[in-house]
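The values are calculated or read from the model by the stated rules, or taken from the named source; none is laboratory data. Everything numeric here is computed off the predicted structure, so don't read it as measured data. Here the Cβ positions follow ideal geometry from the backbone for every residue, glycine too, while neighbour counts run over all protein chains shown.
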Amino acid sequence: MSPNTQPKTAIVTGAAQGIGKAIAIQLANDGFSVVISDIAAKQSLMDDVAAEIKTKNVDARTLVVPADVSSASDVNNLVAKTKETFGGLDVMVANAGVCWSKSILDVTVEEWEKLFAINVRGVLLCYQAAARLMIEQKRGGRIIGASSIAGKKGSAMIGAYSASKFAIRSLTQTAACEWGVHGITVNAYAPGTIDTPMLREAAGAVITPSGASIIDQFKAATPLGRVGEPEEIANFVSMLASEKSSYMTGQTITIDGGIWFD
Ligand SMILES: NC(=O)c1ccc[n+]([C@@H]2O[C@H](COP(=O)([O-])OP(=O)(O)OC[C@H]3O[C@@H](n4cnc5c(N)ncnc54)[C@H](O)[C@@H]3O)[C@@H](O)[C@H]2O)c1
């Protein structure tokens, strides 16, 4: 990225709540113009995130664009609106994702397809749309995806989710290989158990074959002995989005309190 083009612009998908919200707030603190995106049903939560950013810094530049990441036309519209409003794009954070828990013995084709449409096709579409604009701009860029520790090791009851998060690592590596020549770096974060609505609503309900809740199992396996906070992921994304990560690409970095060692 050119160091002299300020302010820079970042898109964050799945930014109405949880990790995406924390990333949007952090990138705004870092001086980015931030595009807050999520599904249309979360319009008021997205507006709240924009208002929270403005409360901290009245001069902060934000834009709210509803987009379903599994839809190519929504994602293309998201990037087009960003260009129209802020003149370009420097950072894409493809954070949106869903997690449903079910044994791979029982998962239906429809459930599998829907999860992959959001978690994998959604990230591909965000990576593609961002890269096309960044290549046209000729000033490099940062593309960042959301994997998971479930993308490093399979776990009972979240097989479809785990497979989708493994796919993000592969996509991130390939994108890094193909777009490095344009000065675009592509990396992903792999959170462990982070205290968000996803964790509370979905994973919190999972009972493993041993009878333990998956959250308690993760806590017990975590050297730091606790669940992480969304801001702890946002701090890392802040670094990934900055000049400080200029020689890093194709990586999926685990942030999980020490559960998984690469
Ligand atoms: N919380 C964790 O413990 C954890 C761990 C590992 C990885 N992750 C990953 O981090 C990312 C954020 O997770 P979170 O915990 O903040 O989840 P969350 O459910 O709290 O927030 C995810 C957001 O994505 C949005 N979203 C869902 N489908 C969408 C779609 N089709 N288009 C656009 N937006 C959509 C949701 O509306 C929601 O606002 C996800 O990709 C998740 O898989 C989370």
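Brief remarks on what is shown
- For region 146-225, the helices (runs of 4 or more DSSP H) that sit wholly inside it and include 1 or more residues that are modelled with pLDDT under 95, closer than 23 Å to D262 by Cα and of a type in the set (D, E, K, R) are 214-221.
- Looking only at region 209-231, residues that are under 18 Å from G154 (Cβ atoms), exposed (fewer than 13 other Cβ atoms within 10 Å of the Cβ) and touching a helix residue (DSSP H, G or I) at 6+ places or on another chain (Cβ under 9 Å) come to 1 in all.
- Screening K153 on (1) touching a residue at least 60 places away in the same chain (Cβ under 8 Å); (2) surrounded by fewer than 24 Cβ atoms within 10 Å (Cβ to Cβ); (3) more than 18 Å from T252 (Cα to Cα) shows it passes everything except condition (3).
- Total residues in region 71-90 satisfying the condition of being within 11 Å of the ligand (Cβ to nearest atom) and either on the phi > 0 side of the Ramachandran plot or outside any loop (DSSP other than H, G, I, E, B) (or both): the figure is 3.
- There is no residue in region 233-249 that is under 28 Å from G141 (Cα atoms), touching a residue at least 40 places away in the same chain (Cβ under 8 Å), hydroxyl-bearing (S, T, Y) and assigned to a strand (DSSP E or B).
- Residue check for V93: within 14 Å of the ligand (Cβ to nearest atom) and in contact with a Cys (Cβ under 9 Å, 6 or more places away or on another chain): yes
- Some residue of region 113-121 being away from the ligand (no atom under 16 Å from the Cβ) and surrounded by 19 or more Cβ atoms within 10 Å (Cβ to Cβ): no
- Here the condition is being near the ligand (Cβ under 10 Å from one of its atoms), at pLDDT 95 or above and not in a strand (DSSP E or B); of A28, A24, A16, it holds for A16 alone.
- Of all residues making up region 25-37, the number that are within 20 Å of A131 (Cα to Cα) and buried (at least 24 other Cβ atoms within 10 Å of the Cβ): 6
- Tabulated pairs, region 32-44, first away from the ligand (no atom under 13 Å from the Cβ), second among the charged types (D, E, K, R), C-beta under 7 angstrom, 6+ apart or interchain: F32/K8; S33/R61
- You will find that of I184, I215, the residue that is more than 19 Å from Q17 (Cα to Cα) and without any contact (Cβ under 8 Å) to a residue 24 or more places away in the chain is I215 and no other.
- Matching residues in region 37-70 - criterion: being of a type in the set (S, T, N, Q) and either in a helix (DSSP H, G or I) or over 21 Å from Q26 (Cα atoms) (or both): Q43, S44, T55, S70
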